[in-house]
Amino acid sequence: MSITEKIRKEIESFHDDIETWFQGKSEDQEALYRQLLSGFSPDFKMINGNSDLVTLSMFSDWLPTVYGKFQDRHVSVEDIEIQYSESHGLATYTEIQVTGETSTKRKSSAVFLISEEKALWLHLIEKWI
């Protein structure tokens with residue numbers, strides 16, 4: 001699998017999984033929780049749309065609080081653009097979340113660490129649009 005494919009797969013898989021998590025539609029919540037977190041470097045940090053710093057520990061503690069809380073939320077990504085070197089990737093994309101009549105969008109920039117197996121999220125910056 002090419003580096004571009006690894007990054008695209010990680011972005012798309014994560015957003016599919018987080019939609020399932022928000023909707024509470026997993027047959028095995030613990031397995032989905034592990035799957036969601038498996039794509040992150042232990043050093044992961046995010047600046048969310050509200051300009052708050054979120055570490056991997058904070059994110060992993062937050063996830064159980066939102067399982068099944070948004071049963072009609074749909075999450076998608078579009079306009080994925082990827083650049084990379086041998087060991088890092090940079091992706092920009094737009095994330096759209098639709099819950100009922102409410103739609104939110106974020107422009108995201110993510111840095112990934114590239115391994116033989118996959119791309120791991122290292123840093124993510126989101127900006128409301």
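When you scan the range 21-42, do you find a residue that is within 24 Å of ILE129 (Cα to Cα) and of a type in the set (D, E, K, R), even just one? Write out each step before concluding.
Going residue by residue through the range 21-42, those that are within 24 Å of ILE129 (Cα to Cα) are 21-23.
Add one more test, that the residue is of a type in the set (D, E, K, R), and what stays is none.
Among the residues of the range 21-42, not one is within 24 Å of ILE129 (Cα to Cα) and of a type in the set (D, E, K, R), which makes the answer no.
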Can you tell me which of (1) within 15 Å of the chain's Cα centre (by Cα); (2) closer than 15 Å to ALA119 by Cα; (3) surrounded by 13 or more Cβ atoms within 10 Å (Cβ to Cβ) is the one ILE3 doesn't meet?
(1)
Scanning the range 29-57 for residues that are in contact (Cβ under 8 Å) with a residue 60 or more places away in the chain and either among the small types (Gly, Ala, Ser) or assigned to a helix (DSSP H, G or I) (or both), which turns out nearest to LYS118 (Cα to Cα)?
GLY39
Need the failing condition index for SER60 against (1) over 28 Å from ASP28 (Cα atoms); (2) free of Cβ contacts under 8 Å to residues at least 40 places away in the same chain, just the number.
(1)
Hey, among GLU78, GLU116, GLU101, which residue is closer than 26 Å to GLU5 by Cα, of a type in the set (D, E, K, R), at pLDDT 95 or above and out of contact with any Pro (no Cβ under 6 Å at 6 or more places or on another chain)?
GLU78
Subset tally (residues that are exposed (fewer than 13 other Cβ atoms within 10 Å of the Cβ), touching a helix residue (DSSP H, G or I) at 6+ places or on another chain (Cβ under 6 Å) and assigned to a strand (DSSP E or B)) for the range 58-78:
0
Taking interchain pairs and intrachain pairs at least six residues apart, which have beta carbon atoms under 7 angstrom, with the first residue in the range 1-19 and within 21 Å of LEU32 (Cβ to Cβ) and the second surrounded by fewer than 18 Cβ atoms within 10 Å (Cβ to Cβ) and of a type in the set (S, T, N, Q)?
HIS15/SER76; ASP17/GLN35
Only one of GLU101, GLU117, GLU86, GLU81 is under 24 Å from GLN35 (Cβ atoms) and either without any contact (Cβ under 8 Å) to a residue 24 or more places away in the chain or exposed (fewer than 12 other Cβ atoms within 10 Å of the Cβ) (or both). Can you tell me which?
GLU117
So for the range 3-17 (the condition being modelled with pLDDT of 95 or more, in contact with a Lys or Arg (Cβ under 7 Å, 6 or more places away or on another chain) and within 17 Å of HIS123 (Cβ to Cβ)), does at least one residue qualify?
yes
Within the range 48-57, take every residue that is surrounded by 12 or more Cβ atoms within 10 Å (Cβ to Cβ) and among the polar types (S, T, N, Q) and give me the one that is nearest to the chain's Cα centre (by Cα).
ASN48
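The values are calculated or read from the model by the stated rules, or taken from the named source; none is laboratory data. These numbers come from a predicted model, not from an experiment. Quick reminder, even Gly has a Cβ in these numbers, built from the backbone with ideal geometry, and neighbours come from all protein chains shown.
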